[in-house]
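K.L.:
Let me give you the structure first, and then I'll get to my questions.
Readers should treat all values here as calculations from the given coordinates under stated rules, not as data from a laboratory. This is a predicted model, so every value here is computed, not measured. Don't worry about glycine lacking a Cβ; one is built from the backbone with ideal geometry, like all the others, and counts go over all protein chains shown.
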Amino acid sequence: MPGDSMDKPNTVTCTAPVNIAVIKYWGKRNEELILPINSSLSVTLHQDQLKTTTTVATSRSFQEDRIWLNGKEEDITHPRLQSCLREIRRLARKRRNDGDPALDSMGFSHKVHICSINDFPTAAGLASSAAGFACLVYTLSRVFDVEGELSGIARQGSGSACRSMYGGFVQWIMGQKDDGKDSLAQQVAPETHWPELRVLVLVASAERKPVGSTSGMQTSVQTSRLLKHRAESVVPGRMVKMIEAVQRKDFTAFAELTMKDSNQFHATCLDTYPPIFYLSSVSQQVINLVHRYNRHYGETRVAYTFDAGPNAVIYMLQQHVPEFVQAVQHFFPPESNGGQFVKGLPVNHVALSEELRRSIGLEPLPKGISYVISTKVGPGPCVVEDPTQHLLGSDGLPKETV
Ligand code: DP6
């Protein structure tokens, strides 16, 4: 509801998903506008397991823009935050100037208070900036009643955030224009398209904090010839093949492209000078496990992909989940007294055959994986209708519980 003339804030709460790329974005041609050197494609994960929640309030009585992230007040002058705020306000102003007088009450000239939380631990190492900026832009757009293409604004918060503006399978088309107007996300298929597809996040016990993606890709662009070759000569063909694989629900093609693209991304990290290492010994064991599992069955049943950290994201079809989870648990024995090993969507217990165990033949790596999040493909950002879920109280400050 639009803000009223009283001092009660106009408050909106939304949620947004995490996305995991199967054709990776790595490298910018414009740092400020966040324009990539290649297109990319991702799967949006379900918000029942992983999401960001953001509340935005506007009020005449607010003195300044403020933001709280995971319970702590942060610096609102951060340039990427400012880009998103500026672009949404620009759109809101444009709508009013275009002659919609109802928008005068929207309060877009008022200051905003923003409060955001992730429901997944930072230790999960998932690109929280993607869900975070997608949620920020989506919530601001609802508060200011701005419609239309918003992925170009989310992109200016964090590149991968533009893909979290849609559910299902999403491509980020790199675009050609200098002003970035054609560098946008687009849904390739909705979340209902391939219901058998499942996703496992294998959270590796982190050893150290890896190099951030923003600075990592900067060094790669400056030093890696392989990255240039990848962007110009490899990714364009892979995008076409990946879109076809998704549309045909061809798991073998989808899985092989996913693994090859992850491997090439990490090869460009090694080709960066000085080199960047995101894969740990646990990641390597996951890669071996997947290939040996697939070899045992003589078909590609499981695929891995890794972002800027050691955690594996596994794609597979529903019918193979119980056995593969059992294999993970066998080759990465968890702490016996630890909490639940598999979180999220329930996974049935099955026995692991001696034959499969022997055919995989790896030495178990105790405690290499802390836990597994079991999830599936999900929808894009949503409005939370229940006002009791707002993270900001009627005074415009974070509630005690946040
Ligand atoms: C490896 O979107 O986090 O996850 O645009 O600098 O904010 P910035 O980088 P970010 O990079 C994500 C890189 C990746 C691959 C991907 O998600 O496509």
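K.L.:
Where does the chain land at 222 nm, in deg cm²/dmol rounded to the nearest 500, when only DSSP H runs of n ≥ 4 count, each adding -39500 (n - 2.57), divided by all residues?
P.N.:
-10000 deg cm²/dmol
K.L.:
Compute, for segment 257-388, the length of the dipole vector about the Cα centre, with Cβ point charges of +1 (Lys, Arg) and -1 (Asp, Glu) only. Units Debye, rounded to 20.
P.N.:
With only Lys, Arg, Asp and Glu charged at Cβ, the dipole is about 300 debye.
K.L.:
How far is the Cα center of segment 346-402 from the Cα center of segment 153-189, in Å?
P.N.:
25
K.L.:
Average the reciprocal distances over every distinct pair of alpha-carbons in segment 7-73, invert the result, and give the Kirkwood radius in Å.
P.N.:
15.3
K.L.:
Over all directions, how big on average is the projection of the convex hull of the alpha-carbon atoms in segment 276-380, in square nanometres?
P.N.:
On the way: hull surface 30.8 nm².
So the mean shadow area of the Cα hull is 7.7 nm².
K.L.:
Placing unit charges on C-beta atoms (Lys and Arg positive, Asp and Glu negative, everything else neutral), compute the dipole magnitude of segment 136-215 about its Cα centre in debye, rounded to 20.
P.N.:
On the way: 8 positive and 9 negative charges, 68 e Å.
The dipole of segment 136-215 has a size of about 320 debye.
K.L.:
Report, in degrees rounded to the nearest 10, the 0 to 90 angle that the Cα long axis of helix 281-297 makes with the longest principal axis of the chain.
P.N.:
Its long axis makes an angle of about 60 degrees.
K.L.:
Percent relative contact order of the chain, based on C-alpha pairs within less than 8 angstrom and at least six residues apart?
P.N.:
Values: 843 pairs, mean separation 93.8, N = 402.
23 percent.
K.L.:
Using a 10 Å cut-off around each Cβ, can you sort C115, C162, C14, C382 from fewest to most neighbouring Cβ atoms?
P.N.:
By the 10 Å Cβ count, ascending, the order reads C382, C14, C115, C162.
K.L.:
Let me know the charge dipole size of segment 1-67 about its Cα centre in debye, to the nearest 20, where only the beta-carbon of Lys, Arg (+1) and Asp, Glu (-1) is charged.
P.N.:
Around 240 debye, computed over segment 1-67.
K.L.:
Computed over the Cα atoms of the chain, what is the convex hull's projected area averaged over all directions, in nm²?
P.N.:
For the chain, the mean projected area of the Cα convex hull comes to 20.5 nm².
K.L.:
Additional query: Between segment 284-326 and segment 1-76, how many Å separate their Cα centres?
P.N.:
What the calculation gives is 31 Å, centre to centre.
K.L.:
Defining a contact as two alpha carbons under 8 Å apart and six or more residues distant in sequence, what relative contact order in percent does segment 273-312 show?
P.N.:
Relative contact order comes out at 50 percent.
K.L.:
Select from V56, Q284, V325 the residue farthest towards the positive end of the dipole of the chain; place +1 on Cβ of Lys and Arg, -1 on Cβ of Asp and Glu, and compute about the Cα centre.
P.N.:
Q284
K.L.:
Would you work out if segment 210-313 is rounded, prolate or oblate? Take a ≥ b ≥ c from the square roots of the eigenvalues of the alpha-carbon gyration tensor; rounded if a/c is under 1.5, else prolate when a/b is larger than b/c, oblate otherwise.
P.N.:
The shape class here is oblate.
K.L.:
In the chain, if the dipole is taken from +1 on Lys/Arg beta carbons and -1 on Asp/Glu beta carbons about the Cα centre, which of I243, L69, L184 is farthest to the positive end?
P.N.:
Positive-most Cα among the choices belongs to I243.
K.L.:
Any idea which of N348, A130, V313 is furthest toward the positive side of the dipole for the chain, if Lys and Arg beta-carbons carry +1 and Asp and Glu beta-carbons -1?
P.N.:
V313
K.L.:
Would you mind checking the pairs K51/K376; K8/K399; K51/K249; K72/K209; K8/K111; K72/K343 and listing those with alpha carbons more than 24 angstrom apart?
P.N.:
In this structure, K51/K249; K72/K343 lie more than 24 Å apart at Cα.
K.L.:
Taking neighbour counts of Cβ atoms within 10 Å as a proxy for exposure, in what order, fewest first, do T192, T55, T305, T219 appear?
P.N.:
In increasing order of surrounding Cβ atoms, one gets T192, T219, T305, T55.
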